[in-house]
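Visitor: Have a look at this one before I ask anything.
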Amino acid sequence: MIKKEIPFFNYPSLYDENEEVYSKAILTACKKGAYIMQQELFDFENELKKYLNVKHAIGVADGTTALVLSLRASGIGSGDEVLVPSHTFVASVAAINHVGAVPVLVDCGKDHLIDGNDLIHRITKKTKAIMPVQLNGRTVNMDKIIEVSTKYNLKIVEDSCQALGSKYKNRFAGTFGEAGTFSFYPSKTLGCFGDGGAIITNKDDVAELVHLYRDHGRGEDGKVWTYGYNARLDNIQAAILIEKFKQYENFINKRRKLASVYNEKLKDLSQIILPPGPNENDDHFDIYQNYEIEAENREELRNYMEKNGVKTILQWGGYMVHQFEKLNLNTDLPFSEEISKKFMLLPMNTSLEIEDIEYICDLIKKYYVS
Ligand SMILES: *Cc1c(COP(=O)(O)O)cnc(C)c1O
């Protein structure tokens, strides 16, 4: 085996993959002096709206802000409890805290996503909403979430930051509740050259509030209607996102292809548990933001891979949110606790080629077999 060097994520490739096009998009906006809330932003919002077939798509500063604004526009506030999985980015939980609500952590299931059965036991009189996190580009079993939300009269605000284009029973992630959120952080499936985010909704009243909140509470008439934020999506980022978005189907197809190679080559190893392959379950259309596996002897495997040129990471630095002691959110989450000892991410991004994935798989096999 000839040694390869495979970084976990190839940041320069974000620009290199189509250098001329991105340079032109940036220069065009700059030459016009189009920096804040200009045509590029509205054009990008329109593209997003068409792609997801939703009534409203609103660009905001980043994914975390998208969550804060979505919660607030959905009427979630002081003292309300919001159910959220512990296996998520701290941003999901922080957003709940930022609107004055109380995050209530829920265990995850074998799919690493919020467990619809554990959730029921954590509902109280104060519970107002569920925040399912469509983690790794995979959708939660939304039938179960909708069933619970209907029965207990809870709102759904989706953290779909990792799931642009992902579907459950042919319905896009982000379209199940009051609002859905996206992040365009560089390493996300649609990554810009800095921070960026968006909110989608089919509800006019939610959209109206989000429009106000993202620009200091100001309406189109220039009057201030409420206290808002400076939470706008930067116009140059929007110009870049328009160009990236044109290739988005190709990006997703490539990720799904790479995932199928991982699945094919690793499926017989008893020491690791893989996410479902792209065509394993018709209910879910996965976009593979991440390829998260569970591995025996995780640290030793990672060291072995690193020695042989392959970088892996642990999502969220290897912690579930309940494990951050300073946040005081620890509760009994047996399955999250168990998988936190085994979960890890293999490289998954559009700069990789099939031969890279084959090299990674051969390494993993060599580690466990020898
Ligand atoms: C990326 C991400 C966010 C938001 O991230 P930003 O960096 O604020 O854009 C929120 N939740 C999850 C699960 C994420 O992966």
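A short reminder: the numbers here are calculations on the coordinates, not readings from a lab. Keep in mind the model is a prediction, meaning the values are calculated, not measured. Please note: Cβ atoms are built from the backbone with ideal geometry, for glycine as well, and neighbour counts cover all protein chains shown.
Visitor: Give all pairs with beta carbons closer than 6 Å in which a residue from segment 46-59 that is buried (at least 21 other Cβ atoms within 10 Å of the Cβ) meets a residue that is of a type in the set (D, E, K, R); count only pairs at least 6 apart in sequence or on separate chains.
Guide: If the second residue must be of a type in the set (D, E, K, R), the pairs left are 57/45; 57/49; 59/45.
Okay, residues lined up against (1) within 20 Å of residue 253 (Cβ to Cβ); (2) surrounded by fewer than 21 Cβ atoms within 10 Å (Cβ to Cβ); (3) touching a strand residue (DSSP E or B) at 6+ places or on another chain (Cβ under 9 Å):
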| residue | (1), (2), (3) |
| --- | --- |
| 336 | no, no, yes |
| 347 | yes, no, yes |
| 350 | yes, yes, no |
| 365 | no, yes, no |
| 368 | no, yes, yes |
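Visitor: So, of the residues in segment 83-103 that are away from the ligand (no atom under 14 Å from the Cβ) and buried (at least 21 other Cβ atoms within 10 Å of the Cβ), which turns out to be farthest from residue 143 (Cα to Cα)?
Guide: 101
Visitor: If I go through segment 275-298 residue by residue, how many of them are touching a Phe, Trp or Tyr at 6+ places or on another chain (Cβ under 7 Å) and assigned to a loop (DSSP other than H, G, I, E, B)? It would help to see each step written out before you state the result.
Guide: Initial filter on segment 275-298 (touching a Phe, Trp or Tyr at 6+ places or on another chain (Cβ under 7 Å)): 275, 283-284, 291-292, 294.
Keeping just the survivors that are assigned to a loop (DSSP other than H, G, I, E, B) gives 275, 283.
Qualifying residue count for the region: 2.
Visitor: Could you tell me whether residue 217 is touching a helix residue (DSSP H, G or I) at 6+ places or on another chain (Cβ under 8 Å) and not β-branched (Val, Ile, Thr)?
Guide: Details: touching a helix residue (DSSP H, G or I) at 6+ places or on another chain (Cβ under 8 Å): no; not β-branched (Val, Ile, Thr): yes.
Judged against the criteria, residue 217 is not a match.
Visitor: In the set 327, 345, 269, which member is within 30 Å of residue 171 (Cα to Cα) and touching a helix residue (DSSP H, G or I) at 6+ places or on another chain (Cβ under 9 Å)? Please lay out each step first, then the result.
Guide: Working: 327 fails: within 30 Å of residue 171 (Cα to Cα); 269 fails: within 30 Å of residue 171 (Cα to Cα).
Every option except 345 fails the conditions.
Visitor: Further question: When residue 112 is evaluated against the numbered criteria (1) in contact with a strand residue (DSSP E or B) (Cβ under 8 Å, 6 or more places away or on another chain); (2) within 16 Å of the ligand (Cβ to nearest atom); (3) free of Cβ contacts under 8 Å to residues at least 40 places away in the same chain, which criterion, by number, is the only one it fails?
Guide: Residue 112 satisfies every listed condition except (3).
Visitor: From the residues in segment 116-135 that are more than 16 Å from residue 64 (Cα to Cα) and buried (at least 24 other Cβ atoms within 10 Å of the Cβ), which one is farthest from the chain's Cα centre (by Cα)?
Guide: Filtering segment 116-135 for residues more than 16 Å from residue 64 (Cα to Cα) gives 116-130.
Then keep just the ones that are buried (at least 24 other Cβ atoms within 10 Å of the Cβ); that gives 119, 130.
Numbers: 119: 21, 130: 16 Å.
Residue satisfying both the conditions and the ranking: 119.
Residue-by-condition table, conditions (1) within 12 Å of the ligand (Cβ to nearest atom); (2) of a type outside the set (S, T, N, Q); (3) touching a residue at least 12 places away in the same chain (Cβ under 8 Å):
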| residue | (1), (2), (3) |
| --- | --- |
| 150 | no, no, no |
| 154 | no, yes, yes |
| 159 | yes, yes, yes |
| 167 | no, yes, yes |
| 182 | yes, yes, yes |
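Visitor: Can you name the condition, by its number, that residue 246 falls short on among (1) within 16 Å of the ligand (Cβ to nearest atom); (2) exposed (fewer than 15 other Cβ atoms within 10 Å of the Cβ); (3) within 17 Å of residue 186 (Cα to Cα)?
Guide: Status for residue 246: all satisfied but (1).
Visitor: Does segment 11-31 include one or more residues that are aliphatic (A, V, I, L, M), in contact with a Cys (Cβ under 9 Å, 6 or more places away or on another chain), at negative phi and in a helix (DSSP H, G or I)? Reasoning before the result, please.
Guide: Looking only at segment 11-31, we keep the residues that are aliphatic (A, V, I, L, M), and these are 14, 21, 25-27, 29.
So of that shortlist, the ones also in contact with a Cys (Cβ under 9 Å, 6 or more places away or on another chain) come out as 14.
Checking the rest, the ones that are also at negative phi come to 14.
Filter again for in a helix (DSSP H, G or I), leaving 14.
There is at least one residue in segment 11-31 that is aliphatic (A, V, I, L, M), in contact with a Cys (Cβ under 9 Å, 6 or more places away or on another chain), at negative phi and in a helix (DSSP H, G or I).
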